[in-house]
Amino acid sequence: MSKPDAVAAILWIGVTLYAVFGGADFGGGMWDLLAGRHETGRAGARPRTLAERARAQIDRSVAPVWEANHVWLIFVLVVVWTGFPQAFSAVMTTLYIPLALAALGIVLRGSGFAFRHALAGPVHGPATRVFGISSVLTPFFLGTVAGAVASGEVPADGGGDPTASWTGALPLLTGVLFVAICAYTAAVFLVRDAGAAGDQDLQRYFARRALAMAVIAGAAAVGGIIALHADARFVYDGLTSEGLPLVILSGLSGLAALGLLVRGLATGFEGRLNLLLRPAAVGAVVTVIWGFFVAQHPYMLPTSLTIEDAAAVSASLTAVIVVFVVAAVVILPSIGLLYVLSQRRALE
């Protein structure tokens, strides 16, 4: 593996981690928005309705890790502008509208989440709605960026059409798919968290929503494949050749997760079923992400800029690799410990 390919693989590791953890974080905000009318009730009172219990569970699941979940976005940005500055420049000078909207969504989402916990009274409801709406719009705009890149709308020298580049069929369908995947991943994660809290009604509540969102994500994926065939033939051909084993594995993982959800709704989420649900759902997401990496290789911007041509000087690539190794040894165990403590409810 060449040094540029190694840095591209590091970049894709960051993309994968953000898609899983940041995606679940966004999805939690979406389910918060869709939980129904919000009632604050008396401070410290036990949640009464299923919607209130759902929001309380989302808070317990998201609050300890929501900042850590978005570290991966910073990681991705740093790797891109350090390791592939030409690609970074091309994307930023073409897709600055959806990127700016996504950045605004991230800021508003974090503010809404913080304010609804810090400020009671009339601010609580609006802050909750800002948190939920931003949780839907942010992954949508990030998805349009990914779709625009895949469809070849970003020229290697930058300065592409700032509106038409991300408003075609493929970018918009990719945006919808991103939202659906985030919501699906979050619902699956919340199935386990509700079970750990001993609330079986809430567990079934999130399981039904995971099933519904899996159907929506599947429909969006089918539409995306059709759009790929029409607007991103190079990536489509890669997915149906070199990337096909990963696509098949993603489909099998997704079917396994659906089967586990259906069985859990019928018999309860206990024992091995509860242990296997998350890996199956996450596996479906991870394998399709890496399927796209394989499909668009050797390009950073299909089909205008290769990884080799986009790469920075050798010294910069070496620095990225060394920092990644150090971070993997020093930082990843700390983040892993945070997630483990959060899952064990030791941070409440």
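Taking each residue of region 106-127 that is modelled with pLDDT of 85 or more and looking for partners that are open to solvent by 80 Å² or more (accessible area, probe 1.4 Å) with beta-carbon atoms closer than 6 Å, six or more apart or interchain, yields Ala127/Phe115. Evaluation of Ser250 against the conditions (1) open to solvent by less than 30 Å² (accessible area, probe 1.4 Å); (2) within 29 Å of Ala150 (Cα to Cα); (3) assigned to a loop (DSSP other than H, G, I, E, B); (4) of a type outside the set (A, V, I, L, M) shows that the sole unmet condition is (3). The residues of region 73-99 that are in contact with a helix residue (DSSP H, G or I) (Cβ under 9 Å, 6 or more places away or on another chain) and under 16 Å from Ala164 (Cα atoms), listed by number, are Ala90, Val91, Met92, Thr94, Leu95, Ile97, Pro98, Leu99. Applying a threshold of 8 Å to beta carbon distances and a minimum spacing of six or more residues, or different chains, the list of pairs starting in region 183-200 at a residue that is in a loop (DSSP other than H, G, I, E, B) and ending at one that is basic (Lys, Arg) and open to solvent by 30 Å² or more (accessible area, probe 1.4 Å) reads Ala197/Arg60; Ala197/Arg345; Asp199/Arg53. Would you check if Ala328 is among the aliphatic types (A, V, I, L, M) and more than 30 Å from Ala194 (Cα to Cα)? Answer is yes for this residue. Test Arg233 against the stated conditions and say whether it is charged (D, E, K, R) and touching a helix residue (DSSP H, G or I) at 6+ places or on another chain (Cβ under 9 Å). Taking the combined requirement at face value, the residue does not satisfy it.
Of the helices (runs of 4 or more DSSP H) lying entirely inside region 82-167, the ones with 1 or more residues being open to solvent by 40 Å² or more (accessible area, probe 1.4 Å) and over 30 Å from Ile307 (Cβ atoms) are found at 96-118, 124-150. Here is the figure for region 168-193: residues that are open to solvent by less than 30 Å² (accessible area, probe 1.4 Å) and closer than 17 Å to Leu137 by Cβ total 8. Within region 220-247, if we keep just the residues that are small (Gly, Ala, Ser) and loosely packed, with under 14 Cβ neighbours inside 10 Å, the residue that is nearest to Gly28 (Cα to Cα) turns out to be Ala230. Number of residues in region 253-270 that are open to solvent by less than 50 Å² (accessible area, probe 1.4 Å) and among the hydroxyl-bearing types (Ser, Thr, Tyr): the value is 1.
Looking across region 271-304, the residues that are outside any helix (DSSP H, G or I) and crowded, with 20+ Cβ neighbours inside 10 Å come down to Tyr299, Met300, Leu301, Pro302. Remark: pairs (first residue in region 1-20, touching a residue at least 24 places away in the same chain (Cβ under 8 Å) and closer than 16 Å to Val322 by Cα; second residue open to solvent by 40 Å² or more (accessible area, probe 1.4 Å) and of a type in the set (Phe, Trp, Tyr); Cβ separation under 7 Å; 6+ apart in sequence or on different chains) = Ile10/Phe324; Gly14/Phe75.
The values are calculated or read from the model by the stated rules, or taken from the named source; none is laboratory data. Computed from a prediction, not measured in an experiment: that's the story for all the values here. Here Cβ is always computed from backbone atoms with ideal geometry, including for glycine, and neighbour counts include all displayed protein chains. We work out accessible area using only protein heavy atoms, side chains counted, and drop any ligands, DNA or RNA first. Shrake-Rupley method; radii C 1.70, N 1.55, O 1.52, S 1.80 Å.
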